[in-house]
1. Longer than 25 Å from Cα to Cα, which of K73/K166; K139/K166; K81/K166; K81/K246; K108/K241 are they? Say none if no pair is.
2. Between Q26 and Y39, how many nm apart are label points set 7 Å from Cα along the C-beta direction?
3. For a quick check: sort V243, V100 by the number of other beta carbons within 10 angstrom, fewest at the front.
4. What order do you get for T11, T27, T204 when you list them from fewest to most C-beta neighbours inside 10 Å?
5. Going by C-beta contacts inside 10 Å, put M157, M262 in order with the fewest on the left.
6. Add +1 for every Lys or Arg and -1 for every Asp or Glu among the other residues with Cβ under 9 Å from the Cβ of N206, and state the total.
7. Kirkwood Rh, Cα Rg: Rg to Rh for the chain?
8. Which of S235, I203, W36 sits closest to the plus end of the dipole of the chain, meaning its Cα is farthest towards the positive end, when Lys and Arg get +1 and Asp and Glu get -1 on the C-beta?
Amino acid sequence: MDSTQTRYYPTILGAAHLIILYIFIQTIVDFPLAIWDYYYGTEYLSHPIKKIALSLGSILFILYFAYRKAQTKLINLFPIKRFNPLILIPVLTFLAAAHVFLGEINQKIDKVFPPPPWFWELFEKIFENDYGVIGAFLKVAVVAPIVEELIFRGVIMHGFMRNYPKIIAIVVSALFFALFHLNPWQFSATFLLGLLLGWLMVITRNIFVCIIGHSINNLLVLLSIEYWEEITQFSFFLLEKEVQLKISYLIAGISLVFIGLMATFAYKPTKQVTT
């Protein structure tokens, strides 16, 4: 590779530095809150509104830092090209199908490497706030997708797609995305989600598609946690596990084909007729 080739921010090393910096800043915010809650019996760390307000500064700092390093326009860093909104339908069906076979993979991982009790407590605490499901929805399906997509499919993919082949940009950004969550028991799920969202950015060049896709995924997770008993009563989940997996693989494969087709036949600007 030509050493004199222009490198755009961020490179793989620059992305790793940005993620570590973000985690470090978030820790600086969270640790004092955890200590305060412990000694004074407050719930600043788990309260969605207060936590969002306190974390906003660190998020804005990271985005501003990346923007200055990238030395480009915001529209280039966070592209919003026109796209076919129907592409969100196969995105939804793919994610719904993926949750079925990923659940099977996660069960096998849990048998080999059982998650500790605190891991399950984290999921339970999602709903432990003054706003219940609404507060959980705000944190998981709104704020998290916006923040994470601006960083991973916005800033990081901006540099990766200019420095490396698209497949490397997608895979490495997905790997960073999975590692960022610091959750080995859901690595396969976050890695697959990262692959899908990276691909969506490449084929649509629209940050909103990635944010909505991420939000759909997190909402499905949220609903499965809150209403799992009701969900398992659907006829699909009464089928044999092998049949469920075959159907989910088939739906996921068909969904990917439709995502590709809809991106290929995306809306194009209407040509103006001159007289």
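Any read-out appearing in this document is the output of simple, stated calculations on the displayed coordinates, not a laboratory observation. This structure is a prediction, so every number in the text was calculated from the model and none was measured. As a convention, Cβ positions derive from the backbone with ideal geometry for all residues, glycine included, and neighbour counts pool all protein chains shown.
1. In this structure, K139/K166; K81/K246 lie more than 25 Å apart at Cα.
2. A separation of 2.6 nm, rounded to one decimal place.
3. Arranged by neighbour count, lowest to highest, V243, V100 become V243, V100.
4. Ranking T11, T27, T204 by Cβ neighbours within 10 Å, fewest first, gives T27, T11, T204.
5. M262, M157
6. Around N206, the charge tally is +3.
7. Rg/Rh: 0.99.
8. Of the listed residues, the answer is I203.
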